[in-house]
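The values are calculated or read from the model by the stated rules, or taken from the named source; none is laboratory data. All values reported here derive from a predicted model rather than from experimental measurement. Every residue, glycine among them, receives a Cβ derived from its backbone with ideal geometry; neighbour counts consider all protein chains shown. Please note that ligands, DNA and RNA were not included when accessible areas were found on the heavy atoms of the full protein model with its side chains. Shrake-Rupley method; radii C 1.70, N 1.55, O 1.52, S 1.80 Å.
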Amino acid sequence: KQEVTQIPAALSVPEGENLVLNCSFTDSAIYNLQWFRQDPGKGLTSLLLIQSSQREQTSGRLNASLDKSSGRSTLYIAASQPGDSATYLCAVNSYGQNFVFGPGTRLSVLP
Amino acid sequence: DVKVTQSSRYLVKRTGEKVFLECVQDMDHENMFWYRQDPGLGLRLIYFSYDVKMKEKGDIPEGYSVSREKKERFSLILESASTNQTSMYLCASSLVGLSNQPQHFGDGTRLSIL
(Lines give C-alpha, C1' and ligand atoms only; values in the text may rest on other atoms or scores of the structure.)
Protein backbone atom coordinates (compact mmCIF):
# COMPACT_ATOMS: atom_id res chain seq x y z
CA LYS A 1 0.00 0.00 0.00
CA GLN A 2 1.29 3.45 -0.93
CA GLU A 3 2.63 5.56 1.92
CA VAL A 4 3.51 9.22 1.57
CA THR A 5 5.69 11.21 3.95
CA GLN A 6 6.74 14.84 3.95
CA ILE A 7 9.81 16.41 5.52
CA PRO A 8 10.07 18.71 7.32
CA ALA A 9 6.79 18.83 9.20
CA ALA A 10 7.24 22.55 9.75
CA LEU A 11 9.58 25.18 8.39
CA SER A 12 10.15 28.82 9.25
CA VAL A 13 12.25 31.03 6.97
CA PRO A 14 12.89 34.75 6.51
CA GLU A 15 11.34 36.47 3.52
CA GLY A 16 13.34 36.22 0.31
CA GLU A 17 14.88 32.81 0.94
CA ASN A 18 14.67 29.98 -1.56
CA LEU A 19 13.37 26.78 0.01
CA VAL A 20 12.71 23.13 -0.74
CA LEU A 21 9.91 20.94 0.53
CA ASN A 22 10.22 17.17 0.27
CA CYS A 23 7.73 14.42 -0.46
CA SER A 24 8.56 10.70 -0.40
CA PHE A 25 6.46 7.75 -1.49
CA THR A 26 6.98 4.01 -1.16
CA ASP A 27 5.49 2.63 -4.39
CA SER A 28 6.98 3.96 -7.63
CA ALA A 29 4.08 2.68 -9.77
CA ILE A 30 2.33 6.02 -9.94
CA TYR A 31 0.23 7.89 -12.48
CA ASN A 32 1.06 11.34 -11.19
CA LEU A 33 1.88 13.46 -8.17
CA GLN A 34 0.11 16.67 -7.24
CA TRP A 35 1.23 19.50 -4.94
CA PHE A 36 -1.36 21.53 -3.05
CA ARG A 37 -1.40 24.50 -0.76
CA GLN A 38 -3.85 24.78 2.14
CA ASP A 39 -4.50 27.97 4.07
CA PRO A 40 -5.82 27.63 7.64
CA GLY A 41 -9.45 26.51 7.72
CA LYS A 42 -9.66 26.37 3.93
CA GLY A 43 -9.71 23.78 1.19
CA LEU A 44 -6.79 22.70 -0.99
CA THR A 45 -5.53 24.76 -3.90
CA SER A 46 -3.79 22.83 -6.66
CA LEU A 47 -0.30 24.15 -7.40
CA LEU A 48 1.33 21.67 -9.77
CA LEU A 49 0.64 18.26 -11.25
CA ILE A 50 3.52 16.10 -12.48
CA GLN A 51 2.78 13.11 -14.67
CA SER A 52 4.81 9.95 -14.10
CA SER A 53 6.59 10.50 -17.42
CA GLN A 54 7.71 14.02 -16.48
CA ARG A 55 10.72 15.14 -14.47
CA GLU A 56 9.52 18.58 -13.46
CA GLN A 57 6.83 21.24 -13.73
CA THR A 58 7.10 24.98 -13.22
CA SER A 59 4.58 27.65 -12.36
CA GLY A 60 5.87 31.11 -11.55
CA ARG A 61 8.17 30.89 -8.52
CA LEU A 62 7.31 27.23 -7.98
CA ASN A 63 9.15 24.28 -9.44
CA ALA A 64 8.27 20.68 -8.68
CA SER A 65 10.50 17.74 -9.58
CA LEU A 66 9.81 14.04 -9.64
CA ASP A 67 12.22 11.13 -9.31
CA LYS A 68 9.98 8.09 -9.59
CA SER A 69 12.73 5.53 -9.18
CA SER A 70 13.78 6.91 -5.82
CA GLY A 71 10.21 7.70 -4.74
CA ARG A 72 10.79 11.41 -4.23
CA SER A 73 9.40 14.75 -5.25
CA THR A 74 10.53 18.21 -4.25
CA LEU A 75 8.75 21.53 -4.35
CA TYR A 76 11.12 24.46 -4.79
CA ILE A 77 9.85 27.93 -3.87
CA ALA A 78 12.00 30.80 -5.05
CA ALA A 79 12.22 34.17 -3.31
CA SER A 80 9.70 33.27 -0.61
CA GLN A 81 7.11 35.84 0.51
CA PRO A 82 4.92 36.08 3.63
CA GLY A 83 1.94 35.24 1.40
CA ASP A 84 3.49 31.82 0.79
CA SER A 85 2.81 30.91 4.42
CA ALA A 86 0.51 27.88 4.35
CA THR A 87 0.56 24.11 4.63
CA TYR A 88 1.84 22.32 1.55
CA LEU A 89 0.64 18.81 0.78
CA CYS A 90 1.64 16.31 -1.85
CA ALA A 91 -0.71 13.61 -3.12
CA VAL A 92 0.22 10.51 -5.07
CA ASN A 93 -2.09 8.81 -7.56
CA SER A 94 -0.99 5.17 -7.81
CA TYR A 95 -2.01 2.19 -9.90
CA GLY A 96 -4.92 0.38 -8.34
CA GLN A 97 -5.13 2.71 -5.36
CA ASN A 98 -6.90 5.88 -4.41
CA PHE A 99 -5.09 9.20 -4.03
CA VAL A 100 -2.80 9.11 -1.01
CA PHE A 101 -1.90 12.36 0.70
CA GLY A 102 1.14 13.23 2.74
CA PRO A 103 0.74 14.85 6.17
CA GLY A 104 1.92 18.23 4.90
CA THR A 105 4.66 20.75 5.64
CA ARG A 106 3.59 23.88 7.52
CA LEU A 107 5.54 26.83 6.11
CA SER A 108 5.94 30.20 7.78
CA VAL A 109 7.68 32.99 5.89
CA LEU A 110 8.66 35.80 8.23
CA PRO A 111 8.68 39.41 7.01
CA ASP B 1 -11.41 28.09 -13.53
CA VAL B 2 -12.97 25.09 -11.89
CA LYS B 3 -15.36 25.95 -9.10
CA VAL B 4 -16.20 23.37 -6.43
CA THR B 5 -18.76 24.68 -3.98
CA GLN B 6 -19.61 23.14 -0.64
CA SER B 7 -22.94 24.23 0.75
CA SER B 8 -21.79 25.11 4.27
CA ARG B 9 -18.50 26.33 5.71
CA TYR B 10 -19.50 25.50 9.27
CA LEU B 11 -22.15 23.13 10.55
CA VAL B 12 -23.16 22.08 14.07
CA LYS B 13 -25.37 19.04 14.56
CA ARG B 14 -26.38 16.74 17.39
CA THR B 15 -25.58 13.10 17.95
CA GLY B 16 -28.01 10.84 16.11
CA GLU B 17 -29.10 13.41 13.54
CA LYS B 18 -29.03 12.65 9.84
CA VAL B 19 -26.62 15.10 8.22
CA PHE B 20 -26.30 16.05 4.57
CA LEU B 21 -23.20 17.69 3.13
CA GLU B 22 -23.61 19.00 -0.40
CA CYS B 23 -21.00 19.59 -3.09
CA VAL B 24 -21.49 21.09 -6.54
CA GLN B 25 -18.94 21.51 -9.34
CA ASP B 26 -19.42 23.62 -12.41
CA MET B 27 -16.96 22.08 -14.88
CA ASP B 28 -18.78 18.94 -16.00
CA HIS B 29 -16.30 16.70 -14.19
CA GLU B 30 -17.06 13.01 -14.14
CA ASN B 31 -15.16 12.21 -10.94
CA MET B 32 -16.12 13.48 -7.52
CA PHE B 33 -14.65 12.70 -4.11
CA TRP B 34 -15.36 13.16 -0.41
CA TYR B 35 -12.49 13.33 2.09
CA ARG B 36 -12.23 14.07 5.75
CA GLN B 37 -9.22 15.78 7.28
CA ASP B 38 -8.17 15.32 10.88
CA PRO B 39 -5.08 16.57 12.74
CA GLY B 40 -2.38 13.92 12.72
CA LEU B 41 -4.30 11.71 10.27
CA GLY B 42 -4.23 13.87 7.15
CA LEU B 43 -6.76 13.52 4.36
CA ARG B 44 -8.61 10.25 4.09
CA LEU B 45 -10.93 9.24 1.27
CA ILE B 46 -14.49 8.38 2.31
CA TYR B 47 -16.27 7.78 -1.01
CA PHE B 48 -15.86 8.65 -4.66
CA SER B 49 -17.96 8.53 -7.80
CA TYR B 50 -16.99 8.10 -11.46
CA ASP B 51 -20.39 8.89 -12.91
CA VAL B 52 -23.99 9.61 -12.11
CA LYS B 53 -25.49 7.00 -9.78
CA MET B 54 -22.11 5.31 -9.39
CA LYS B 55 -20.23 5.20 -6.11
CA GLU B 56 -17.16 3.49 -4.75
CA LYS B 57 -16.00 3.10 -1.17
CA GLY B 58 -12.82 4.80 -0.17
CA ASP B 59 -10.64 4.02 2.81
CA ILE B 60 -13.07 4.97 5.60
CA PRO B 61 -16.70 4.57 4.40
CA GLU B 62 -18.16 3.29 7.67
CA GLY B 63 -20.94 5.51 8.99
CA TYR B 64 -21.30 7.39 5.69
CA SER B 65 -23.24 7.06 2.47
CA VAL B 66 -23.31 9.15 -0.71
CA SER B 67 -25.68 10.13 -3.45
CA ARG B 68 -24.99 11.26 -6.99
CA GLU B 69 -28.23 11.84 -8.86
CA LYS B 70 -26.84 14.57 -11.11
CA LYS B 71 -23.38 14.90 -12.60
CA GLU B 72 -22.60 18.20 -10.91
CA ARG B 73 -23.74 17.27 -7.41
CA PHE B 74 -22.28 14.79 -4.92
CA SER B 75 -23.82 14.50 -1.47
CA LEU B 76 -22.30 12.96 1.64
CA ILE B 77 -24.75 11.60 4.19
CA LEU B 78 -24.11 10.81 7.83
CA GLU B 79 -26.97 8.45 8.60
CA SER B 80 -26.74 8.86 12.38
CA ALA B 81 -24.11 11.40 13.33
CA SER B 82 -21.65 10.55 16.08
CA THR B 83 -19.08 12.69 17.88
CA ASN B 84 -16.19 10.88 16.15
CA GLN B 85 -17.46 12.30 12.87
CA THR B 86 -16.54 15.81 13.97
CA SER B 87 -14.05 16.81 11.28
CA MET B 88 -13.23 18.96 8.27
CA TYR B 89 -14.93 17.52 5.18
CA LEU B 90 -13.51 18.28 1.75
CA CYS B 91 -15.08 17.65 -1.63
CA ALA B 92 -13.05 17.39 -4.83
CA SER B 93 -13.66 16.79 -8.52
CA SER B 94 -11.62 15.87 -11.58
CA LEU B 95 -12.09 15.04 -15.24
CA VAL B 96 -12.43 11.47 -16.42
CA GLY B 97 -9.14 9.77 -17.05
CA LEU B 98 -8.17 9.46 -13.42
CA SER B 99 -4.58 8.80 -14.30
CA ASN B 100 -3.66 12.23 -15.54
CA GLN B 101 -6.12 14.76 -14.26
CA PRO B 102 -5.66 17.07 -11.26
CA GLN B 103 -8.14 17.19 -8.43
CA HIS B 104 -9.87 20.46 -7.61
CA PHE B 105 -11.12 21.07 -4.07
CA GLY B 106 -13.87 23.04 -2.41
CA ASP B 107 -13.32 25.24 0.64
CA GLY B 108 -14.39 22.53 3.05
CA THR B 109 -17.14 22.12 5.66
CA ARG B 110 -16.13 22.10 9.29
CA LEU B 111 -18.66 19.82 10.96
CA SER B 112 -19.10 19.61 14.72
CA ILE B 113 -21.24 16.87 16.24
CA LEU B 114 -22.32 17.63 19.80
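At q = 0.16, 0.19, 0.20 Å⁻¹, what log₁₀ I(q)/I(0) does a Debye calculation on the Cα points of the stretch B:1-82 give, no solvent, two decimals? Those come out to -0.63, -0.88, -0.97, one per q. When Rg and Dmax are taken over the Cα atoms of the protein assembly as shown, they come to 17.5, 51 Å. When you restrict to C-alpha pairs under 8 Å that are six or more residues apart and normalise by the size of the stretch A:1-107, the relative contact order lands at 37 percent. Across chain B, the longest piece that holds none of the GluC sites (Glu not before Pro) lying in DSSP loops with up to 14 other C-beta atoms within 10 Å covers B:18-61.
Given R₀ = 35 Å, FRET efficiency for B:M54-B:R14 by Cβ-Cβ distance, to 0.05? Using R0 = 35 Å, I get an efficiency of 0.65.
Take the alpha-carbon positions of the stretch A:1-90, form their convex hull, and give its projected area averaged over all directions (one quarter of the hull surface) in nm².
The orientation-averaged projected area of the Cα hull of the stretch A:1-90 comes to 5.9 nm².
What does the C-alpha gyration tensor say about the overall shape of the stretch B:67-114? Classify as rounded when a/c is under 1.5, otherwise prolate if a/b is larger than b/c, or oblate. In terms of gyration-tensor shape, prolate. Using a probe radius of 1.4 angstrom, the carbon and sulfur fraction of the accessible surface of chain B is 50%.
The charge dipole of the stretch A:3-108, taken about the Cα centre with unit charges on the Cβ atoms of Lys, Arg (+1) and Asp, Glu (-1), comes to about 120 debye, rounded to the nearest 20.
Taking the stretch A:13-111, which trypsin sites (Lys or Arg not before Pro) meet the DSSP loop condition and have no more than 15 other C-beta atoms within 10 Å? Here the sparse-neighbourhood loop sites are A:R55, A:R61. Contact residues in the stretch A:27-43 (at least 50 Å² less accessible area with all protein chains than alone, 1.4 Å probe): A:G41.
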